[in-house]
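To keep things clear, I will list the structure first and then write my remarks on it.
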Amino acid sequence: MSESLYAQLLNLAVGALLLTAVLILWRRELAAIINVFALQGIALAVLVGLIALDEGSAELGAVAVGVLVLRAGILPWLLRRALAGAGATRRETQPLVNVVSSLLVAAGLTLLAYLVSQPLVALDPSPAAHAIPVAVAVVLIGFFVLVTRRLALSQLVGFLLMDNGITAVGFLTTAGIGVVVELGISLDVLLVVLVLQILKTRIREAFGATDIDDLRELHD
Amino acid sequence: MTALGAVGVVLQLLIVVTLSPLLTGMMRQLRARLEGRAGAGIGQPWRDLRKLMRKRPVAPHGTTEVFRTAPAVLVATCLVVAAVGPFVTTASLLDPVADLFAVVALLTLGTVALALAGIDTGTAFGGMGASREATIVALVEPTLLVAIFALSVPAGSTNLGVIVTATLADPAQVFSPVSLLAAVALIVVIIAETGRLPVDNPATHLELTMVHEAMILEYSGPDLAMVELASSMRLTVFLGLLANLFVPWGIATTGQPLLVAAAVLAFVAKVAVLGALLAVGEVFLAKLRLFRVPELLAGSFVLGLLAVGASFFLA
């Protein structure tokens, strides 16, 4: 694979990562958000696979397959199951910040990510280093989703978005952090999702909805 | 060179003027067929224009020159853009004028003239349509500028012809994230700007939902014909810009007659395909609530902004 083709495909994968992050912020339907999240998992796996091809490392290739299975297969499947059990709340109707403002905030966050990751980009002129700001932007957008959404499921998606961003930053900066570490992180994320899913079911049983704001009031 | 360049300008004008009503007719016909109606035929917009042109011009009482000159301004801006833009050839005489900012400003001038005419009639619908159009334009223009600006960064010039030539020289650019983000932003904006579904329904005369139709409600006869012709021309110009910015192949880079002839065919085919896609897409769409339109346009603005950002930090 020639260097320019690699750079181009890498940029494309990173662009898809950013586009899906913005789409998650844009859409209200939880089902659509989960589908976009699965697409983002594919983009992330492609990103890792490209780095593996460039480095010629089989270990990293195995990690790419693992990322694909976990982030485009298992996690969306778990989320869909949680959605099916959630009853009538299928739309994020009233986020704390409305959709127009949150889209503009996303634009601002992207610029912020670009500013703060300048020193990292300056260290190394490779195409992977140039893509770091985008991955940082995905982390920030994920954090923004996490703090501004009301439904437990969309907050969970925000958390996973953040994790996708962190994984992308990890691979872009270090070109692989070892299979064991990556496996540990992936299992952690899976465990967190499982625990949160059980927690969410409990919340729904106790309160009848998963709007987190209801938890502010005392309940007996 | 200058003679060939002049031929290019005249050719672009002729093609846009004659074919744009046919494009509108083709889209209406396609939509009618898909909805199970027979349709009026592709030539119907031209027949309507001929009928309107023969009528006596009538202006409502109390309207001023603003109302009377708006159709002329609208048509004139479209004609200038059709003459200077890189539609058939990038080697036309007026190509240096085809600056991104000039073209977008010209198209906005037409919209503003029509909005002012809508207010000038003093009717409720005119004012309502104008205020809605102003809301949409205020969101559309920045996005349009930002999206095309993202494409101009790799080319290093805001001249539309130079952007198109740069894409021709380096075809891989089309598949970069910059270009993809800008394409999505530009498509949304063009749909909003030309008043198509889901932002505005071109076929409706329902008072509460119309935007473009509300502004031109008081026009009749030759004035209405000019407004209708101008709105078809705007659609053609926008689709042509979209086609040539992202799929520039086929455009003539020199003034050779054979190349130019092939470029004419390529341009007609590209615009027809885009128009057909738009018409087919509209069959499956419902109109968006007016209050949701800013959300759609803000989304496309963010995509445009990200495209500009990506053109800097991924370069």
Restricting segment B:160-215 to residues that are open to solvent by 40 Å² or more (accessible area, probe 1.4 Å), of a type in the set (A, V, I, L, M, F, W, C) and in a loop (DSSP other than H, G, I, E, B), the one farthest from the other protein chains (Cβ to nearest Cβ) turns out to be B:ALA203
Being in contact (Cβ under 8 Å) with a residue 24 or more places away in the chain, farther than 20 Å from B:ALA272 by Cα and open to solvent by 70 Å² or more (accessible area, probe 1.4 Å), is that true of even one residue in segment B:86-95?
yes
Taking B:ALA113, is it farther than 23 Å from B:GLY281 by Cβ and either under 16 Å from the mean Cα position of the chain (by Cα) or modelled with pLDDT of 85 or more (or both)?
yes
Need pairs with beta-carbon distance below 6 Å; first residue open to solvent by 50 Å² or more (accessible area, probe 1.4 Å) and within segment B:253-269, second modelled with pLDDT under 85; sequence gap 6+ or separate chains.
B:THR253/B:THR90; B:THR254/B:ALA91; B:LEU259/B:ALA252
Residue, farthest from A:LEU79 (Cα to Cα), within segment A:130-147, restricted to residues that are in contact with a Leu (Cβ under 7 Å, 6 or more places away or on another chain) and within 11 Å of chain B (Cβ to nearest Cβ)
A:HIS130
Kindly indicate whether A:ILE185 is open to solvent by 30 Å² or more (accessible area, probe 1.4 Å), touching a residue at least 12 places away in the same chain (Cβ under 8 Å) and within 16 Å of A:GLN40 (Cα to Cα).
no
Per the filter on segment A:1-18, residues within 9 Å of chain B (Cβ to nearest Cβ), surrounded by fewer than 18 Cβ atoms within 10 Å (Cβ to Cβ) and either out of contact with any helix residue (DSSP H, G or I) (no Cβ under 8 Å at 6 or more places or on another chain) or closer than 15 Å to A:ALA52 by Cα (or both) are A:LEU5
Residue ID - surrounded by the most Cβ atoms within 10 Å (Cβ to Cβ), chosen from residues in segment B:282-296 that are in a helix (DSSP H, G or I) and free of Cβ contacts under 8 Å to residues at least 24 places away in the same chain
B:GLU295
Residue selected from segment A:22-36 under the condition among the hydrophobic types (A, V, I, L, M, F, W, C) and at the interface with chain B (Cβ under 10 Å from one of its Cβ atoms), by the criterion surrounded by the fewest Cβ atoms within 10 Å (Cβ to Cβ)
A:LEU23
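Are any residues in segment A:47-59 within 23 Å of B:ALA183 (Cβ to Cβ) and more than 13 Å from chain B (Cβ to nearest Cβ), and if so, which ones?
A:LEU50
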For segment A:82-97, state whether one or more residues are without any contact (Cβ under 8 Å) to a residue 12 or more places away in the chain, in a helix (DSSP H, G or I) and either surrounded by fewer than 17 Cβ atoms within 10 Å (Cβ to Cβ) or more than 9 Å from every other protein chain (Cβ to nearest Cβ) (or both).
yes
Conditions (1) farther than 22 Å from B:ILE136 by Cβ; (2) within 14 Å of chain A (Cβ to nearest Cβ); (3) not small (Gly, Ala, Ser) -> B:LEU288 fails only (1)
Residue under question is B:LEU305, and the condition is that it be open to solvent by 40 Å² or more (accessible area, probe 1.4 Å) and within 14 Å of chain A (Cβ to nearest Cβ); does it hold?
yes
Between a residue in segment A:100-116 that is more than 8 Å from every other protein chain (Cβ to nearest Cβ) and any residue that is polar (S, T, N, Q) and open to solvent by less than 40 Å² (accessible area, probe 1.4 Å), which pairs come within a Cβ distance under 8 Å, given they are 6 or more apart or on different chains?
A:SER102/A:THR148
Name the one entry in B:VAL247, B:VAL268, B:VAL260 that is away from every other protein chain (no Cβ under 14 Å), farther than 22 Å from B:PHE175 by Cα and over 16 Å from the mean Cα position of the chain (by Cα).
B:VAL260
Any idea which of A:LEU156, A:LEU187 is more than 20 Å from A:ALA13 (Cβ to Cβ), out of contact with any Cys (no Cβ under 6 Å at 6 or more places or on another chain), more than 14 Å from every other protein chain (Cβ to nearest Cβ) and modelled with pLDDT under 80?
A:LEU187
Can you find a residue that is modelled with pLDDT under 85 and either within 20 Å of B:LEU106 (Cα to Cα) or not aliphatic (A, V, I, L, M) (or both) anywhere in segment B:138-154?
yes
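Conditions (1) under 24 Å from B:LEU19 (Cα atoms); (2) assigned to a helix (DSSP H, G or I), marked per residue:
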| residue | (1), (2) |
| --- | --- |
| B:LEU93 | yes, no |
| B:PRO96 | no, yes |
| B:PHE101 | no, yes |
| B:LEU106 | yes, yes |
| B:LEU109 | yes, yes |
| B:VAL112 | no, yes |
| B:LEU116 | no, yes |
| B:PHE125 | no, yes |
| B:GLY129 | no, yes |
Members of segment B:137-159 that are free of Cβ contacts under 8 Å to residues at least 60 places away in the same chain, surrounded by 18 or more Cβ atoms within 10 Å (Cβ to Cβ) and not in a helix (DSSP H, G or I)
B:THR158
Quick check on A:LEU161: is it outside any loop (DSSP other than H, G, I, E, B), away from chain B (no Cβ under 14 Å) and open to solvent by less than 10 Å² (accessible area, probe 1.4 Å)?
yes
When you scan segment A:116-130, how many residues do you find that are open to solvent by less than 30 Å² (accessible area, probe 1.4 Å) and modelled with pLDDT of 85 or more?
1
Considering only residues that are surrounded by fewer than 15 Cβ atoms within 10 Å (Cβ to Cβ), under 19 Å from B:VAL264 (Cα atoms) and either at pLDDT 90 or above or among the polar types (S, T, N, Q) (or both), which ones fall in segment B:3-35?
B:LEU14, B:THR18
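The values are calculated or read from the model by the stated rules, or taken from the named source; none is laboratory data. All figures in this text were calculated on a predicted structure; none of them were measured in a lab. As a convention, Cβ positions derive from the backbone with ideal geometry for all residues, glycine included, and neighbour counts pool all protein chains shown. The accessibility values were calculated without ligands, DNA or RNA, using every heavy atom of the protein model including side chains. Shrake-Rupley method; radii C 1.70, N 1.55, O 1.52, S 1.80 Å.
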